[in-house]
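Values quoted throughout were computed directly from the atomic coordinates according to the rules given, and no laboratory measurement underlies them. Here the structure is a predicted model, which means the values were calculated and not measured. Cβ coordinates were reconstructed from backbone atoms using ideal geometry, including for glycine residues, and neighbour counts include every protein chain displayed.
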Amino acid sequence: MLLAKRNQDLMPSLFNELLGWNNWNNNFFNEEHFTSPKMNVTECPERFELEVCVPGLKKEDLNLCIDTDNNLVIEMQESSSKETTQEKHYLRREFSKMQFKQMLSLPENVKKEDISAKVEDGILYINLPKFSPEEKKALAQPIAIS
């Protein structure tokens, strides 16, 4: 089973972006935009490896968790306040800080308690170890029939 990308926020973000265009009081470039980062997923016999492109971000800017639906959630947290960017008068602005939230459906053979991650040189590395066939058999619980 492979990791599957879940994007449940397409329609709300689409409507928010369209509504932002109709709001003539705000500059389009000062509004928040949402995107998802580039990602590489590889499978080894003993683990899955994810590489997520997060240039300029530190580990404090990122949040990883597993939700109740067995999804790995990768999210960028807001680290700078809007007040500091509104005080500046840009003569030219070609990039801005983007937010993202990525959901990946985890396969059943991933050891959730052993997932590890690190950020190095603008890449978020996530290691998802798999259960071995022996460990998988040990997890099976027989049910007594009375």
The set of residues whose placed amide H lies less than 5 Å from the amide H of LEU62, leaving out same-chain residues fewer than 5 positions away, is GLN77
With respect to the cross-link table entries LYS58/LYS88; LYS58/LYS130; LYS38/LYS59; LYS38/LYS118; LYS101/LYS137, which display a Cα-Cα separation exceeding 25 Å?
LYS58/LYS130; LYS101/LYS137
Ordered by fewest other Cβ atoms within 10 Å, a rough proxy for footprinting exposure, PHE48, PHE100 read PHE100, PHE48
Could you calculate the FRET efficiency of LEU64 with ALA138 from 1/(1 + (r/R0)^6), where r is the beta carbon distance between them and R0 is 30 Å, rounded to 0.05?
0.65
